[in-house]
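Enquirer: Here you go, one structure.
The values are calculated or read from the model by the stated rules, or taken from the named source; none is laboratory data. Model, not experiment: these values are computed from the prediction. Reconstructed Cβ throughout: ideal geometry from the backbone, glycine too, with neighbour counts over all protein chains shown. Accessible surface areas use protein heavy atoms only, side chains included; no ligands, DNA or RNA. Shrake-Rupley method; radii C 1.70, N 1.55, O 1.52, S 1.80 Å.
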Protein chains: 2
Amino acid sequence: MSIEKIILSEKFAQIGDFWNPRIAGELNQQQVKLAKFKGEFIWHHHEHEDELFLVIDGSFQMELRDKTITVSAGEFLIIPRGVEHRPVAREEVQVLMFEPATTVNTGGLENELTRHRLEKI
Amino acid sequence: MSIEKIILSEKFAQIGDFWNPRIAGELNQQQVKLAKFKGEFIWHHHEHEDELFLVIDGSFQMELRDKTITVSAGEFLIIPRGVEHRPVAREEVQVLMFEPATTVNTGGLENELTRHRLEKI
């Protein structure tokens, strides 16, 4: 087993699309995912998984049903299971997510944004 | 339940000691911990937990038995369970850790550095 560090800027440089998380690490049945967001995602929730969003570069708005939270570089937000949310990014933003390996990006919804098999990066 | 973002710089500004992780978030039986490192920690390993170290500011060396990896801001390292490691920081470094709630900082060892009950921050 080779233990190597992950340089986030190198990984993000390889990501050319939006809303398509890549797996950058795995531990304790959890995954570290990297994605770029731009534009509006869809309203969704995860029945059984809490999700963490840590912004590495840029800023996005997490819309909840009762408020909107702006999350910028150096800030993170945890969305508990069951809570409806919709990420919206006016400009490109680099986001690191921590969540169980079982988490599907669109939660209980299935559409063209859904990614079941994530690439490793 | 109140959903609020965490601003890492605000949290780290409240930490005045070293090697004493605080809990900044919890999800999926995992915890997000924040700590400042400075100096040499001890060799240890975790029998059942993988550990992630993401550097927010500064740089440290993770010594393994067969090599040393320098981890700097914007980089992360996962230490798989069972692997002996020792973090060493020449200068103060801000580190975010992600690991199961059961993880004790000194692994299977118990000494003056051991922290069983972590404060929330």
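Enquirer: Can you tell me how many residues within segment A:50-73 are open to solvent by 20 Å² or more (accessible area, probe 1.4 Å), farther than 20 Å from A:R22 by Cα and in contact with a Leu (Cβ under 9 Å, 6 or more places away or on another chain)?
Expert: 0
Enquirer: Here's a check for you: in segment A:93-121, which residue that is within 20 Å of A:S9 (Cβ to Cβ) and open to solvent by 50 Å² or more (accessible area, probe 1.4 Å) is modelled with the highest pLDDT?
Expert: My answer is A:K120.
Enquirer: Go through the residues of segment B:63-74 one by one and say whether even a single one is more than 12 Å from A:L27 (Cβ to Cβ) and touching a Pro at 6+ places or on another chain (Cβ under 6 Å). Let's see the steps before the verdict.
Expert: Of all residues in segment B:63-74, those more than 12 Å from A:L27 (Cβ to Cβ) come to B:63-74.
If we keep only those that are touching a Pro at 6+ places or on another chain (Cβ under 6 Å) as well, we get none.
The answer is no, given that none of the residues of segment B:63-74 is more than 12 Å from A:L27 (Cβ to Cβ) and touching a Pro at 6+ places or on another chain (Cβ under 6 Å).
Enquirer: Still on this model: Inspect all residues belonging to segment A:29-50 and state whether any of them is farther than 24 Å from B:N28 by Cβ and either assigned to a loop (DSSP other than H, G, I, E, B) or free of Cβ contacts under 8 Å to residues at least 12 places away in the same chain (or both).
Expert: Checked segment A:29-50: no residue is farther than 24 Å from B:N28 by Cβ and either assigned to a loop (DSSP other than H, G, I, E, B) or free of Cβ contacts under 8 Å to residues at least 12 places away in the same chain (or both).
Enquirer: Further, regarding this structure: Using beta carbons and a limit of 6 Å, which pairs, at least six apart or on different chains, have the first residue in segment A:62-84 and under 20 Å from B:F12 (Cβ atoms) and at pLDDT below 95 and the second one acidic (D, E) and in a strand (DSSP E or B)?
Expert: none
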